[in-house]
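Worksheet: the structure to be examined is printed underneath.
The values are calculated or read from the model by the stated rules, or taken from the named source; none is laboratory data. Everything numeric in this text was worked out from a predicted model, so none of it was measured. All Cβ positions, glycine included, derive from the backbone under ideal geometry; neighbour counts span all protein chains shown. All accessible areas refer to the heavy atoms of the entire protein, side chains included, with ligands and DNA or RNA removed. Shrake-Rupley method; radii C 1.70, N 1.55, O 1.52, S 1.80 Å.
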Amino acid sequence: MKITLYQVDAFASQTFEGNPAAVCPLDSWLNDELLQAIAEENNLSETAFFVPTDNGFQLRWFTPVAEVDLCGHATLATAHILFTELNYSKPEISFETRSGELIVFRRNNKLVMNFPSNPPLECPAPAALVEGLGSKPTTTLAADDYIAVFDSEADIRVLTPNFTRLCDLDRRGVIVTAPGNDLDFVSRFFAPKLGINEDPVTGSAHCELTPYWSDRLEKASLTARQISKRGGTLDCELDGERITLAGTAVTFMKAEIELNE
């Protein structure tokens, strides 16, 4: 059996930046063990699999070690492949996911994703967070992840986390964030429990960051940059209990997976 695989740089305007994701179109679902094995073999932060439905597509995301509830950059990558490689002709794509229905549409030269907002709440800084980051944040919040807020972009650029210590935390991962020098805010994202020490660009993290920064800066539309080594830029907008994340993507590779039946 052969499966087509695309590799896409998401939240990127050219190859070798943004966050690489694998995208695998399927006619029907393979067993979960095989999906996880493919994701492990790809060894990217996310592999997306999708199958057609009457109204759109079912979409699932796997890191090298686990299936996740939400992944922004692999959703962007999947929509990019449908629009550019698979001749999807409707104006928007509906994805059925573990986080409910997600809609992606084109606006000018960008893809826009409509996701649920996930506002974080302020909390005490756990010892493992401070020790793992090697620096105490000015504010700590929690949603799906811990969010460590620092005073400046320079503060988070210099962080060299102890990933073993961060694995002791009881959340998915750790987002560090600060006001940007040239943009509204910047961030980095660490998820060693999911096999991803530092994710290049993380859409789902911005479901938590957007409501926080929108409230703090008193504006609904924001421009953000995830300042990982590869880096990526996102347009974020808060709309009640939903947010939109917009960005561009570039196809890096098309290949075939060969499975022994």
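Per residue, region 105-261 exposes an accessible area of 47 Å² to a 1.4 Å probe, with every protein chain left in place. Probing with 1.4 Å while keeping every protein chain in the model, the per residue accessible area of region 12-70 equals 45 Å².
Compared with the dominant Cα axis of the chain, that is its longest principal axis, helix 32-42 is turned about 70°.
Full extension of the chain segment joining Asp168 with Ala127 gains 13.8 nm, where the gain is 0.36 nm per residue of separation less the Cα-Cα distance. Just one of (i) 34.4, 143; (ii) 21.8, 65; (iii) 17.8, 56 is Rg and Dmax of the Cα atoms in Å calculated from these coordinates, so which is it? Derived directly from the coordinates: (iii). Ranking Ser94, Ser28, Gln58 by Cα position along the charge dipole of region 7-130, where only Lys, Arg, Asp and Glu carry charges on their C-beta atoms, puts Ser94 farthest toward the positive end.
Taking Cα atoms only, the orientation of helix 72-84 departs from the longest principal axis of the chain by about 30 degrees.
Sorting Arg230, Arg107 by accessible area puts them as Arg107, Arg230; the probe is 1.4 Å, largest comes first, and only protein heavy atoms count.
By accessible area, using a 1.4 Å probe on protein heavy atoms only, region 47-109 has 43% of its surface on carbon and sulfur. Taking 7 Å steps out from each Cα toward its Cβ at Ser89 and Ser28 produces label points 2.7 nm apart. Nonpolar atom fraction for region 113-236, defined as the carbon and sulfur part of the 1.4 Å probe accessible area, stands at 46 percent. Applying the criteria of a DSSP loop state and at most 16 other Cβ atoms within 10 Å to the GluC sites (Glu not before Pro) of region 159-228 yields Glu218. Charge tally for Asp184 (other residues, Cβ to Cβ under 14 Å; Lys, Arg +1; Asp, Glu -1): -3.
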